[in-house]
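The values are calculated or read from the model by the stated rules, or taken from the named source; none is laboratory data. Since the structure is predicted, the reported quantities are computational estimates derived from the model, not experimental observations. Cβ placement follows ideal geometry from the backbone for every residue including glycine, while neighbour counts extend to all protein chains displayed.
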Amino acid sequence: MLFINILKYISLFLIISIIGLYSFVEYRIFQFNKNSIDIIAHAGGQIDGHIYTNSLEALNNSYNEGAKIFELDIRETKDGYYVGTHDWKTWAQQTGYSGELPPNLEEFKRYKILNKYTAMSFEDINNWFLSHPDVVFITDKVDKPLKMVNLFYDKSKIKMELFSKKSMRMGGGIFDGAMANYYSLSQITKTLLVKYDFISMIEFFKKNNLKYVVAGKPFSYEDKFKLKLIRLNGIKIYMYLFGTNDEITQQVIEYPSYLDGVYYNKIPN
């Protein structure tokens, strides 16, 4: 038993050493450019300085700036239709709508965002992506992968952030773009992670065909360690970072061993 425990500690030390060396080497050679990581247009990207519009104009503007991956927030209307908006309170503020929330589809379509931009139903979103076959759609908020994938025109062009154990397993079983929310995943596999049962943690990804993780900036040593280990096992990490474009890019340069894609409001040059 003592010998087995010693082997475990030796294995842990070797893993930490390898990850540390990997991070140092990667930091030394990393050069940021638009081809080094996936650039994701957050909420369609900004338009005229406005963010979180999830609008047609935002999509077109980001596409013209070179974006190839677009994240849109999806919510469900009162009558059961999916539409593009971050949340209903924000949408009401953007449109001046004063009725009961959520609205129905007809009400949603009737209002302009900030009196200027075009709100998008899921049919509109589908049509836009269908007319731009060179791009990829990412979404979150709606934890129903089967319904979402069946609605989208091409399941090979959609990635979806998932938040529950059930949706992660379901999503991984029906399409390759299932993305585990890191913080939800940490709770699901909490006992495994605390015990540093790395093999079981990685098996969760492999068993459920999860190829992506979505996370915020890693602050704690534990989070950094987990994310590096995840990435070393071939799982891609998409990350939300905060600040100006220059500040986000600086964080990308500082944390290359934690990420494969970053969400930007404004597509960098």
Task: Tabulated pairs, segment 83-109, first farther than 17 Å from ASP73 by Cα, second hydroxyl-bearing (Ser, Thr, Tyr) and assigned to a helix (DSSP H, G or I), C-beta under 8 angstrom, 6+ apart or interchain - done: none
Open item on the list: With the requirement that a residue be in contact (Cβ under 8 Å) with a residue 40 or more places away in the chain and within 18 Å of ASP246 (Cα to Cα), what does segment 49-60 give you?
Closed with: HIS50, ILE51
Task: Failed condition for ASP87, given (1) within 17 Å of ASP143 (Cβ to Cβ); (2) touching a Pro at 6+ places or on another chain (Cβ under 7 Å) - done: (2)
Open item on the list: It is to be established whether one or more residues within segment 148-161 are surrounded by fewer than 19 Cβ atoms within 10 Å (Cβ to Cβ), assigned to a helix (DSSP H, G or I) and assigned by TED's automatic domain parsing to the domain that holds ARG75.
Closed with: no
TODO: Mind listing just one residue for me: the one in segment 95-122 that is assigned to a helix (DSSP H, G or I) and touching a strand residue (DSSP E or B) at 6+ places or on another chain (Cβ under 9 Å) and, of those, nearest to ALA67 (Cα to Cα)?
DONE: PHE122
Open item on the list: Looking at ASP79, ASP87 in this structure, which one is under 27 Å from ALA180 (Cβ atoms), of a type in the set (Asp, Glu), assigned by TED's automatic domain parsing to the domain that holds LEU59 and at pLDDT 95 or above?
Closed with: ASP87
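Would you confirm whether any residue within segment 79-93 is more than 23 Å from LYS144 (Cβ to Cβ) and of a type outside the set (Phe, Trp, Tyr)?
yes
Suppose the filter is out of contact with any Asp or Glu (no Cβ under 6 Å at 6 or more places or on another chain) and either modelled with pLDDT of 95 or more or not aromatic (Phe, Trp, Tyr) (or both); does ILE69 pass it?
Working: out of contact with any Asp or Glu (no Cβ under 6 Å at 6 or more places or on another chain): no; either modelled with pLDDT of 95 or more or not aromatic (Phe, Trp, Tyr) (or both): yes.
When the stated conditions are applied, ILE69 does not pass them.
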Open item on the list: Cβ-Cβ distance below 7 Å, separation of 6 or more or different chains: which pairs start in segment 202-225 with a residue that is more than 18 Å from GLY261 (Cα to Cα) and end on one that is among the basic types (Lys, Arg) and surrounded by 15 or more Cβ atoms within 10 Å (Cβ to Cβ)?
Closed with: ASN208/ARG169
Task: Selection status of VAL142, in contact (Cβ under 8 Å) with a residue 24 or more places away in the chain, surrounded by fewer than 21 Cβ atoms within 10 Å (Cβ to Cβ) and part of a helix (DSSP H, G or I) - done: no
Open item on the list: Looking at segment 237-263 only, could you name the residues that are out of contact with any helix residue (DSSP H, G or I) (no Cβ under 6 Å at 6 or more places or on another chain), surrounded by 14 or more Cβ atoms within 10 Å (Cβ to Cβ), touching a residue at least 60 places away in the same chain (Cβ under 8 Å) and over 12 Å from TYR182 (Cβ atoms)?
Closed with: THR249, VAL252, ASP260, GLY261
Task: Single match in PHE198, PHE129, PHE137, PHE205 (criterion: farther than 22 Å from LEU241 by Cβ and modelled with pLDDT of 95 or more) - done: PHE129
Open item on the list: Taking the conditions exactly as written (surrounded by fewer than 19 Cβ atoms within 10 Å (Cβ to Cβ) and of a type in the set (S, T, N, Q)), does SER220 satisfy them or not?
Closed with: yes
Task: Unmet requirement for TYR63, which otherwise passes all of (1) in contact with a Lys or Arg (Cβ under 7 Å, 6 or more places away or on another chain); (2) in contact (Cβ under 8 Å) with a residue 24 or more places away in the chain; (3) not aliphatic (A, V, I, L, M) - done: (1)
